[in-house]
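What follows is a short report on a single structure.
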Amino acid sequence: MEVNPEQPVNNLKANVPFGVAARQHRRQNGPMDDVKLKALALVCTLTPSPKPSSSELLARQVIQQLGSQGVECDLIRVVDHDIKPGVQTDMGDGDEWPRIREQILGSDILVLATPIWLGHPASLAQKVLERLDAELSETDGQSRPSMYDKVALVAVVGNEDGAHHVTAELYQGLGDVGFSIPAQGSTYWVGEAMHGTDFQDLPETPEVTATTTATSARNAVHLAASLKKMPYPTG
């Protein structure tokens, strides 16, 4: 699903610019001046569409920030697709992962968004990592690992603690298959322990989360543009 940066979704509940106003906030003379980038957000909520999702809300705030810097963004809610378990690029029998994989291959930035369940990433986030494990055996046209020169961002939500642990789990796997991790390349929100408030229930996004989201997106764009100009070497 292509995201239209001109139209907010659920108002995104954050004090960040849209459309023309967003484009006016782009950095001047930065690495994006002559580089076109694409981003794909994989939302690993266990809640199917069209029900609202806190993970998707935070993911949309991330891609809104990416879009404000000229990045073309798409978003997929993983639970809405028949992704088979396994560690191959195509598990057959109606597996929808190959189409999603093609979108990943065509993107420069991957945003992986997940809720926290029992202190761990959602099972669908683990499934995505397991499917990406196949990339350890795949190469690009220069015989390099297929995910080289791609940047990964992580977005985590929960109403308990565990965001740092979840980020560490996801980034270990993403780095292992070839993604690059930008400085301060994650954003998260966790509610007060032993309470039931969700991120999507907040009247507005806390400033610290909005600022962290903007920083992670900005650094991801910088790294992705740098890698596009100067890719990792072969051999």
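For the reader, a short list of remarks on this structure follows.
- FRET efficiency for the TYR232 to LYS38 pair, using the beta carbon distance and R₀ = 22 Å, is estimated at 0.75.
- Computed helical MRE - 222 nm, the chain, DSSP H runs ≥ 4 contributing -39500 (n - 2.57), nearest 500: -10000 deg cm²/dmol
- Equivalent ellipsoid semi-axes, the chain, via Cα gyration tensor eigenvalues times 5, rooted, Å: 25, 23, 16
- Length gained on full extension, ASP176 to GLN142, computed as 0.36 nm times the residue gap minus the Cα-Cα distance: 10.3 nm.
- Segment 34-122: C-alpha gyration tensor shape, a/c 1.5 cut-off, then a/b vs b/c: oblate
- Taking GLN200, GLN64, GLN172 in turn, the Gaussian network model of the chain (Cα-Cα springs below 10 Å) assigns the largest fluctuation to GLN172.
- Applying 1/(1 + (r/R0)^6) with r as the Cβ-Cβ distance of ALA193 and LEU46 and R0 = 25 angstrom yields a FRET efficiency of 0.75.
- Couplings 3J(HN,Hα) of segment 105-117, computed from phi: 4, x, 10, 9, 10, 10, 9, 10, 10, 8, x, 9, 10 Hz, in residue order, whole Hz [Karplus 6.51 cos²θ - 1.76 cosθ + 1.60, θ = phi - 60°; x for Gly and Pro].
- Every Cα-Cα pair in segment 76-186 was counted, and those over 19 Å apart are 44% of them.
- Positive minus negative residues near GLY185 (Lys, Arg vs Asp, Glu; Cβ under 13 Å): +2
The numbers here are math on the coordinates, done by the rules we state, and not lab data. Every value quoted in this text rests on a predicted model; they were computed, and no experiment measured them. Cβ: placed from backbone, ideal geometry, glycine included. Neighbour counts: every protein chain shown.
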